[in-house]
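Contents: one structure, followed by commentary.
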Amino acid sequence: MNPKQSKKQTIRALFTHIAPAYDKINRLLSLGQDQSWRRRALDYTQVPAGGKLLDVATGTGDVALLAAKCFPSAQIIGVDLTPAMLREAQRKAQMHSAAAQRIHWVQSDGLTLAFPDDTFNAVISVFMLRNVPDVSRALAEQVRVVRPGGHIVCMEMTWPRRFPMTWLFQVYFFGLAPLLGQWIAGDRAAYTYLPRSVKQFPTPATIAGIMEAVGIREVTWELQMLGTVAIFVGVK
Ligand SMILES: C[S@@+](CC[C@H](N)C(=O)[O-])C[C@H]1O[C@@H](n2cnc3c(N)ncnc32)[C@H](O)[C@@H]1O
């Protein structure tokens, strides 16, 4: 197995194990802020009435479900590599609005999206890029399936670079995440991977450069939560 396949298998196994606890740990680690970041990211998609939105790496579906609320007439598709995460998404959708019942959930790899070119008005991915073996490929696929003029929005955690935030974040994240992982998901290793993957992830400027290199125009980003979350926006 090549290293990319191997990373995908590892990631799928990790998310399969933590799927039932994923939302709870997100809310706790983000101090209840993660849904407001997702809403903010969705604002940038600018999906028109009746438009089509793709949520790549939808996971337990929080972005797609919020999108169904924000854009009730839109056609929303949530794609993820891990069936266990999608099952959580489908379970949650059943408790939501009629618009949420119309979301399509598709098990698929974000590095080889099973959609024709120029299909969607916008594509969004939240907390995906850190988990894929090829960031450039993931972004190239996203731009491929967006219509010309459509928005590509990515949200990712970033490691703050300035003292004292970098030090505080180190203590908070490496201290708390493994404990919550152990306590709530019974999986300390998955939540040790989390801060490590954020620390190793390229800077926002590097990610913006990769977005431009795959043909995304007008790339900008904003930081949230004291520089620990970045929302990237670009246009095809
Ligand atoms: C941290 S979760 C993010 C879930 C969701 N977007 C959110 O807002 O919480 C990362 C998700 O990316 C998915 N994933 C990882 N690699 C993927 C790939 N190559 N294609 C599609 N999904 C992938 C995982 O299965 C997992 O559900």
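Since every read-out is calculated from the coordinates, none of them should be taken as a lab result. Remember, predicted model here, so these are calculated numbers, not experimental data. So basically every Cβ, Gly included, is an ideal-geometry build from the backbone, and we count neighbours across all protein chains shown.
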- [ ] For K236, go through the lysines and keep the ones whose alpha-carbon is under 23 Å away, minus same-chain ones fewer than eight residues off.
- [x] K52
Task: Residues F174 and D134, FRET efficiency given R0 of 22 Å [Cβ-Cβ distance, rounded to 0.05] - done: 0.25
Open item on the list: Could you order the peptides 62-74, 118-130, 223-235 from most to least packed, using the average number of other C-beta atoms within 10 Å per residue?
Closed with: 118-130, 62-74, 223-235
Task: Net charge dipole size for the range 55-100 [Lys, Arg +1 and Asp, Glu -1 on Cβ; Debye, nearest 20] - done: 140 debye
Open item on the list: What aspartates and glutamates does K4 reach when the alpha-carbon gap must be under 18 Å and sequence neighbours fewer than 8 apart in one chain are set aside?
Closed with: D80, D109, D134, E141
Open item on the list: Suppose each label sits 7 Å from its Cα in the direction of the beta carbon; what would the Q46-A205 distance come out to in nanometres?
Closed with: 2.7 nm
Open item on the list: Once R0 is set to 22 Å, what does the formula 1/(1 + (r/R0)^6) return for the Cβ-Cβ distance between F163 and R196, expressed as a FRET efficiency to the nearest 0.05?
Closed with: 0.60
Open item on the list: Using Cα-Cα distances under 8 Å and only pairs 6 or more residues apart, what relative contact order does the chain have, in percent?
Closed with: 19 percent
Task: Dipole magnitude (debye, nearest 20) for the range 139-203, charges at Cβ of Lys, Arg, Asp, Glu - done: 180 debye
TODO: Using the Cα centre as the reference, give the magnitude of the dipole from point charges on the C-beta atoms of the chain (Lys, Arg: +1; Asp, Glu: -1; all else neutral), rounded to the nearest 20 debye.
DONE: 320 debye
Task: Farthest positive-ward along the range 99-236 dipole, Cα basis, beta-carbon charges - from W221, V123, G110 - done: W221
Open item on the list: Given the -39500 (n - 2.57) contribution per DSSP H run of 4+ residues, what per-residue ellipticity at 222 nm results for the chain, rounded to the nearest 500 deg cm²/dmol?
Closed with: -13500 deg cm²/dmol
